[in-house]
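**Student:** Mind having a look at this structure? Questions to follow.
The values are calculated or read from the model by the stated rules, or taken from the named source; none is laboratory data. Just so you know, these numbers come straight off a predicted model, no measurement behind them. For neighbour counting, all protein chains shown are included, and Cβ atoms are generated from backbone atoms with ideal geometry for every residue, glycine included.
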Amino acid sequence: MTDKVVIIQKNNPRQDTSFENFLKVWQFEGWLIFLDLALLLTAVLLLFTPAKVLFFHCVFILLTFGAFFWDFRPFAVRAIFWVTITTVAVMLAILASQTQVDEIIEIPLLTTILILVFFIAEQRSRAQRALQLSEERYQTLFDNVFEQSRDAILIADQQENVLQVNQAMLDMLGCTRDDLIGLNYSTVIRASEDLGKFRILMERQGYVSNFGLRLENRQGAHVFCLLTVNKWQAKDGRVLGYQAIIRDISQRKKTVEALRESEDRYRRLIGLSFEGVVVHADNNIEYLNSPAATILGATSTNMLIGRSIFDFVHPAYLKKVQTRLKAVADERIGVPLVEEKFVRLDKTTVDVEIATVPITFKGRPAMQSVIRDITPRKNAEAEREHLLATERRQRQLAEILGEVFLALTAQTSYEAVLDEILHQVQLLVSYSAANIVLVKNDKLHIARHRGYDNFANKNLISKLEQSLADFPLDAKAVRSGQTLVVPNTDQDPRWVAVPEAAWIKSFVVVPILLRDRVLGLLRLDSAEVDTFSKKDIGRLQPLAHAAAIALENARLYDMARQELADRIEVEKELRKVAAKNQAVLNVIPDAIFQFSYDGRLLDYKVGQNTAALGFLSTPSIGTLLGEMPGLSSDLAEIFVHNISKTVETNDTQIFDFQLRLPQGIRDFEAWLVVYGPQEVLAIVRDVTERKLRTEALEAERSRIARHLHDTLGQNIGYLRLKLDEFTLNDGNLPQPNALRQELIRMRDVANEAYELVRSILAAAHLSNSGDLATVLFAKARVVGHRGRFKVNLTNEGQTRRLSPVIQQQVFYIFQEALNNIEKYAQAQNVAINIVWTDDRLIVKLIDDGCGFESYTFTQEGHFGLVIMRERAEEIQGLLSINSTVDVGTEVTLQLPLAAVTEPFQAPVD
């Protein structure tokens with residue numbers, strides 16, 4: 001219904017306001033006060049007037065009237081009080097003869113009547129209270145239903161004016177109670193085409209039930225409602241009012257509309273669905289879409305409407321489907337997807353997947369089944385299962401071949417690889433015997449075999465060497481690189497029959513290929529016909545490939561092992577050479593530096609005798625010569641110039657240079673040679689000592705020359721003069737005695753010259769001797785043996801190695817002192833004391849000879865002592881001689897050790 005109506009609500013029976021309640025209470029209480037005042041007034045009149053009987057009856061009348069207002073307790077109190085008062089008053093009047101005695105008889109009668117009236121009034125009061133309580137309960141219930149009802153309720157009077165509406169009505173129309181109370185429904189209900197129909201129904205039936213209409217609230221929104229109206233009528237048929245109940249069905253109407261739209265969409269969705277949808281009731285098809293008709297083999301849906309769903313179920317599934325549909329109908333629970341077979345109209349079968357749920361179709365129970373054609377999926381699953389089975393077989397074969405490959409690669413020797421190949425072949429393929437031949441120069445050499453001892457061919461097969469030209473099958477396999485199979489050797493003309501191989505009935509040869517090169521052949525023999533299948537060939541080919549890799553790996557491993565052994569030997573030799581070279585470098589006292597062509601330090605080694613050059617190695621490798629601290633720019637330029645010249649000319653460059661070091665000025669000699677491409681090796685040697693020795697040697701030569709000139713020259717000149725005198729003066733020779741004396745003197749001069757030469761020669765060979773104590777002790781023993789005196793030597797402190805020049809000068813001084821002891825001292829014992837301190841060497845020579853006076857040192861003829869002092873001064877030493885007559889002589893030499901010694905290390909035996 002779409003009528004546009006606004007309904008009113010009329011006459012709530014409970015309309016008392018608070019003022020009206022107050023008024024009722026006040027009226028009730030007023031009656032009670034009036035009764036009490038009337039009783040009081042009547043009692044006063046009874047007591048003070050002669051008409052006592054009249055007022056006596058008035059009291060009882062008032063009490064009877066009050067019985068309908070007072071409760072039991074107030075009534076009893078008042079009745080007892082006033083009955084007692086009136087009775088006493090009447091009795092006094094009788095005693096006073098103002099009233100007849102017959103009047104006293106009315107008192108009990110009136111009291112009884114009063115009590116009966118009270119009980120009647122009490123029963124009426126209780127009934128009124130019960131009625132009032134019932135009305136209150138009804139009113140409370142009515143109020144609760146009226147106000148709390150979800151439906152709108154409207155009450156109107158007989159003139160159709162609105163008396164009351166509930167809150168639901170106000171909420172529905174969006175207005176207040178004052179907006180509706182008192183309005184005629186004709187002003188509330190606006191024009192509607194069905195308004196007349198509504199009035200006709202009201203006049204005919206006296207009520208209207210679920211009349212559909214559309215209201216419009218204050219905001220202008222439409223509210224769809226169902227209207228139910230009842231009349232209130234009196235017993236005589238008069239209309240007292242109207243009660244209307246309005247139910248808002250807007251949400252339900254929207255739901256119905258949404259449901260209708262949803263159903264339309266659902267029907268369109270089913271019509272467009274790729275899945276087949278069938279609706280069936282009582283096992284008959286009521287509706288289906290086009291995909292369902294296609295699945296069942298129909299060209300249109302009308303061909304299947306009305307047919308039984310069981311007509312299309314495969315007989316193998318019929319009983320199961322009937323049971324399942326019965327369960328759906330009884331329990332109203334859907335069935336999930338299950339797989340079945342349907343029979344199409346053309347009697348072909350189709351695999352389907354079907355799910356069924358209970359629904360309501362056209363107002364009655366039905367079922368909806370969703371059907372999916374899974375025939376392509378079934379075919380795909382079958383194909384997939386076939387592929388999976390094939391894959392499993394391939395994977396199993398791959399795993400086996402992988403294990404085979406690992407087993408083959410685990411072998412490192414050639415023979416072990418061949419044996420492993422035959423072993424793995426036996427695990428994969430059944431055969432009677434097998435062999436591996438290697439191809440070399442068009443010949444087949446049996447490398448390994450297995451199983452031939454069972455056919456008495458072991459010795460033959462072990463020594464067999466075949467030519468490819470004699471075996472066409474093997475030759476073809478080598479040329480083509482393809483596997484060849486002979487199912488029956490008796491029927492294959494290519495088979496070369498030999499007596500020893502007559503037992504072979506089937507044969508297969510697999511080339512062992514490494515890229516395009518055939519390394520050998522794997523040949524399997526069987527005593528049965530048709531032993532080898534295509535599956536066996538498929539297994540042998542990957543094995544042959546793995547075998548080729550394993551054989552090549554084994555060959556490479558053997559080569560690598562041999563190369564490694566050769567390399568180890570070469571490295572051993574290189575280590576020996578390097579050790580020798582290192583030993584040579586370690587004993588070389590010179591410093592060795594490696595420079596690039598631009599003067600950059602590449603490597604270095606500082607020798608024992610060139611420790612002073614250690615500052616050159618302080619910078620890190622890669623430092624230029626000009627950046628080295630402690631090296632002057634001039635010297636760096638000299639180095640760089642000679643390095644460049646060495647690289648350019650490829651000739652050895654030699655130059656000297658000096659360095660001012662904390663120890664003093666040191667002289668060095670540098671040799672530069674080409675060491676490699678754009679590299680130079682510099683060998684630097686400390687030549688300070690060599691220069692000092694050279695200078696000392698020159699000085700010693702000059703001194704010896706002067707000494708020879710002053711001593712030996714004079715002696716030889718004297719001898720020459722004497723000889724000239726004897727030889728040239730023929731007639732004037734001295735007398736024999738005089739001549740003898742001259743000759744003795746000449747002999748002494750010659751002996752002196754001889755001893756002088758010997759001492760010079762001994763001193764010249766001093767550099768080949770050992771340490772100072774050993775040299776001095778050896779010389780003292782020789783002179784002591786000759787001069788017949790004993791020698792005792794002591795050496796205190798840490799022995800130092802003196803430079804050759806210093807040691808030679810000390811030896812000369814010591815030798816001269818020993819010669820003096822031998823010639824003049826007549827000593828029996830000579831003590832030599834050598835004392836080494838931190839900064840000084842002290843050598844003492846003490847004899848127990850005759851001694852001499854100290855003042856004779858400076859007299860002429862003691863040239864030896866003078867020479868001793870000169871030698872001591874040349875080496876910055878101090879010589880002192882103390883002598884006492886008849887006691888002996890002490891010669892002391894003190895020598896500073898700074899810059900002339902080094903710590904002594906005894907030679908290692």
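**Student:** Residue 503: touching a Ser or Thr at 6+ places or on another chain (Cβ under 6 Å), in the same structural domain as residue 438 (by TED's automatic domain parsing) and of a type outside the set (D, E, K, R), yes or no? Can you show your working first?
**Tutor:** Details: touching a Ser or Thr at 6+ places or on another chain (Cβ under 6 Å): no; in the same structural domain as residue 438 (by TED's automatic domain parsing): yes; of a type outside the set (D, E, K, R): yes.
When the stated conditions are applied, residue 503 does not pass them.
**Student:** So, one more: For the range 420-446, which residues satisfy the criterion of being more than 46 Å from the chain's Cα centre (by Cα) and either surrounded by fewer than 18 Cβ atoms within 10 Å (Cβ to Cβ) or outside the structural domain of residue 517 (by TED's automatic domain parsing) (or both)?
**Tutor:** 426, 430, 440, 441, 442, 443, 445
**Student:** From the list 344, 324, 384, 332, exactly one residue is surrounded by 12 or more Cβ atoms within 10 Å (Cβ to Cβ), outside the structural domain of residue 535 (by TED's automatic domain parsing) and more than 22 Å from residue 277 (Cα to Cα). Which is it?
**Tutor:** On the way: 344 fails: more than 22 Å from residue 277 (Cα to Cα); 324 fails: more than 22 Å from residue 277 (Cα to Cα); 332 fails: more than 22 Å from residue 277 (Cα to Cα).
That would be 384, the only listed residue that is surrounded by 12 or more Cβ atoms within 10 Å (Cβ to Cβ), outside the structural domain of residue 535 (by TED's automatic domain parsing) and more than 22 Å from residue 277 (Cα to Cα).
**Student:** While we're on this one: Which is buried (at least 20 other Cβ atoms within 10 Å of the Cβ), within 22 Å of residue 704 (Cβ to Cβ) and modelled with pLDDT under 90, of 809, 876?
**Tutor:** Matching residue, one of 809, 876: 809.
**Student:** Give the range 202-225 a look and list any residue that's modelled with pLDDT of 80 or more, surrounded by 11 or more Cβ atoms within 10 Å (Cβ to Cβ) and in a helix (DSSP H, G or I), or say none.
**Tutor:** Scanning the range 202-225 gives a single hit, 205.
**Student:** Can we say residue 67 is touching a Ser or Thr at 6+ places or on another chain (Cβ under 7 Å) and either surrounded by 15 or more Cβ atoms within 10 Å (Cβ to Cβ) or at pLDDT below 70 (or both)?
**Tutor:** No, not satisfied.
**Student:** Where in the range 327-427 are the strands (runs of 3 or more DSSP E), entirely inside, with at least 1 residues that are modelled with pLDDT of 80 or more, among the small types (Gly, Ala, Ser) and under 30 Å from residue 259 (Cβ atoms)?
**Tutor:** 349-361, 364-373
**Student:** So, in the range 277-314, exactly how many residues are assigned to a loop (DSSP other than H, G, I, E, B) and either in contact with a strand residue (DSSP E or B) (Cβ under 7 Å, 6 or more places away or on another chain) or under 13 Å from residue 367 (Cα atoms) (or both)? Steps first, please.
**Tutor:** Kept after step one, since they are assigned to a loop (DSSP other than H, G, I, E, B), are these residues of the range 277-314: 282-283, 289, 296-300, 304-307, 314.
With the extra rule that they be either in contact with a strand residue (DSSP E or B) (Cβ under 7 Å, 6 or more places away or on another chain) or under 13 Å from residue 367 (Cα atoms) (or both), the set shrinks to 282-283, 289, 296, 304-307, 314.
The total comes to 9.
**Student:** Quick one: is residue 360 polar (S, T, N, Q), free of Cβ contacts under 8 Å to residues at least 40 places away in the same chain, surrounded by fewer than 18 Cβ atoms within 10 Å (Cβ to Cβ) and closer than 24 Å to residue 282 by Cα?
**Tutor:** Yes; evaluated as a whole, the condition is true for this residue.
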